[in-house]
1. Could you grab me the full set of residues in the range 68-107 that are touching a helix residue (DSSP H, G or I) at 6+ places or on another chain (Cβ under 6 Å), assigned to a strand (DSSP E or B) and in contact (Cβ under 8 Å) with a residue 40 or more places away in the chain?
2. Determine which single condition Glu24 fails, assuming it passes every other condition in (1) surrounded by fewer than 20 Cβ atoms within 10 Å (Cβ to Cβ); (2) closer than 23 Å to Thr145 by Cα; (3) at pLDDT 95 or above.
3. Using beta carbons and a limit of 8 Å, which pairs, at least six apart or on different chains, have the first residue in the range 39-62 and within 21 Å of Thr126 (Cα to Cα) and open to solvent by 10 Å² or more (accessible area, probe 1.4 Å) and the second one β-branched (Val, Ile, Thr) and not in a helix (DSSP H, G or I)?
4. Quick check on Glu130: is it out of contact with any Ser or Thr (no Cβ under 9 Å at 6 or more places or on another chain), free of Cβ contacts under 8 Å to residues at least 12 places away in the same chain, farther than 27 Å from Leu99 by Cα and assigned to a helix (DSSP H, G or I)?
5. Can you go through Asp149, Asp100, Asp83 and tell me which one is open to solvent by less than 20 Å² (accessible area, probe 1.4 Å) and acidic (Asp, Glu)?
6. In the range 137-162, what count of residues is obtained for those that are in a loop (DSSP other than H, G, I, E, B) and not hydrophobic (A, V, I, L, M, F, W, C)?
Amino acid sequence: MKIRQATKQDSQQIAPLMYQAIHEIAYTLTGSTYTDEVLERLAMWVEKPKNRLSHENIWVADIEGEVAGMIISYRGDEAEALDRPIREWLTAHGSATELDVETEGFVQYIDSLAVAEAFGGRGIGTKLIEHIVTVAKERGVPVVTLNVDQENPAAHRLYTRLGFQKEKEIDISGARFDYMKKEVDSTPFSV
């Protein structure tokens with residue numbers, strides 16, 4: 001397995017993983033509730049530069065040319081600028097939906113994480129998270145943050161095991177999330 005920066009050509013493999021990871025939020029970000037249209041629009045955003053869902057902000061776990069998992073991550077202080085093209089596109093296409101603020105400040109934010117079902121149980125999610133902690137360290141960003149749906153106890157256990165701690169609760173697309181953080185120089189990962 002190799003973890004690498006995503007490319008535009010990965011968009012068709014990334015879109016279903018993204019949809020798996022963000023569920024209802026995908027409807028907000030695409031202005032659609034039709035699965036085929038949602039997947040098509042997610043792939044479109046992956047291919048475009050300078051937005052939160054761009055390949056520029058995605059790393060993939062590549063196993064023999066197949067995207068086994070993906071993680072989307074960007075700096076919190078860039079979130080508003082990365083949401084602007086999506087917000088403008090939604091408005092131009094007749095959607096009045098507002099995007100919720102998910103993060104802010106000088107943090108490396110993990111927006112989404114998903115592993116393809118066929119590759120589950122191999123530690124791919126953990127390796128992708130570790131990679132983002134390394135990215136943060138290389139960029140001089142002191143904290144990695146993420147939101148975990150309160151209805152997803154398995155993900156909550158994973159993030160807690162990896163050293164993330166709940167900081168606050170927020171609402172995103174009508175669901176309640178725990179905003180969690182991990183200091184980059186904190187205790188190393190243990191699996």
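The values are calculated or read from the model by the stated rules, or taken from the named source; none is laboratory data. Because the structure is a prediction, the values reported are computed rather than measured. Glycine gets a Cβ as well: all are built from the backbone with ideal geometry, and neighbour counts include every protein chain shown. To get the accessible areas, we keep the full protein, side chains included, count just its heavy atoms, and leave off ligands, DNA and RNA. Shrake-Rupley method; radii C 1.70, N 1.55, O 1.52, S 1.80 Å.
1. Ala68, Gly69, Met70, Ile71, Ile72, Ser73
2. (3)
3. Note: pairs meeting the criteria are His55/Thr7; Asn57/Ile72; Trp59/Ile3; Trp59/Ile71; Asp62/Ile3.
4. No.
5. Asp83
6. Adding up the residues that qualify gives 5.
Here is a yes/no grid of residues against (1) open to solvent by less than 40 Å² (accessible area, probe 1.4 Å); (2) in contact with a Phe, Trp or Tyr (Cβ under 7 Å, 6 or more places away or on another chain); (3) not small (Gly, Ala, Ser):
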site	(1), (2), (3)
Phe119	yes, no, yes
Ile124	yes, no, yes
Lys137	no, no, yes
Lys166	no, no, yes
Gly174	no, no, no
